[in-house]
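Written below as structure tokens is the structure these notes are about.
The values are calculated or read from the model by the stated rules, or taken from the named source; none is laboratory data. Just so it is clear, the structure is predicted and the values come from calculations on it, not from any experiment. Positions of Cβ are generated from backbone atoms using ideal geometry, with glycine treated the same way; all protein chains shown enter the neighbour counts. Surface accessibility is based on the protein's heavy atoms, side chains included, excluding ligands, DNA and RNA. Shrake-Rupley method; radii C 1.70, N 1.55, O 1.52, S 1.80 Å.
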Amino acid sequence: LPPGTLLSEDFESIGANNLPLAVTGWKNIGEVGGVAFQNAVFGPVKCAKISAFSTGISTVSSWLISPSVSLAGALTPKLTFTTAGGYNVGATTFKVFISTDYNGSNTPSTATWTQVPATIAVAPTTGYGSFVGSGNVDLSAYNNQTIYVGFRYDGGDPTKTTTYELDDVKVLKN
């Protein structure tokens, strides 16, 4: 990792489009409904994607959780990432959370997660929008702790099926 970078994931190592996402150290958990994040490959762009579209599952809650990140010695740590959205349908949500007590289980909802404010792409009703930056998400409240970054998708088929894409996740020391 470059100096000052505590976590960096650009999803360039993923496999073929539409297969379940498998990235070393990351947990991909379809906690409710069993819907996992998938590989998204569009020409040269590789990222993670999630949608309840065509699943036939009315309630979906899926997590993509980073490996543990130590903020020991960090001054003003921050999280950045990019998102894009497509085919906006219903009250689907994509949010980012921080946990200091997640234990790696397949039931992340049993840990304590605190939502952090970040810019998430607004999906157009047809097609896909452009990737937008999250802004600098301040993690200084977690200085000298070990954290997990959790991205949670909540949707359902057929009324909450917006697709979200995630890329370029970074935690920086300062």
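What translational diffusion coefficient, in µm²/s and rounded to a whole number, does the Stokes-Einstein relation yield for segment 1-46 at 10 °C and a viscosity of 1.306 mPa s, taking the hydrodynamic radius as the Kirkwood radius over Cα pairs?
Calculated translational D: 131 µm²/s.
How would you order 58-64, 161-167 from highest to lowest mean count of nearby Cβ atoms within 10 Å?
The packing order, highest mean first, is 161-167, 58-64.
How many nm separate the modelled label positions at Ser54 and Asn88, each set 7 Å beyond the Cα in the direction of the Cβ?
2.3
With each label point set 7 Å from Cα along the Cα-Cβ vector, what nm distance links Ser109 and Ser140?
Going from the Ser109 label point to the Ser140 one covers 3.5 nm.
I want to check the label-to-label distance for Ser68 and Val122. Put each point 7 Å from Cα in the C-beta direction and report it in nm to one decimal.
Going from the Ser68 label point to the Val122 one covers 4.0 nm.
With the full set of protein chains in place, find how many percent of the accessible area of segment 57-101 is carbon and sulfur; take the probe as 1.4 Å.
On the way: 830 of 1490 Å².
Carbon-and-sulfur percentage of accessible area, whole number: 56.
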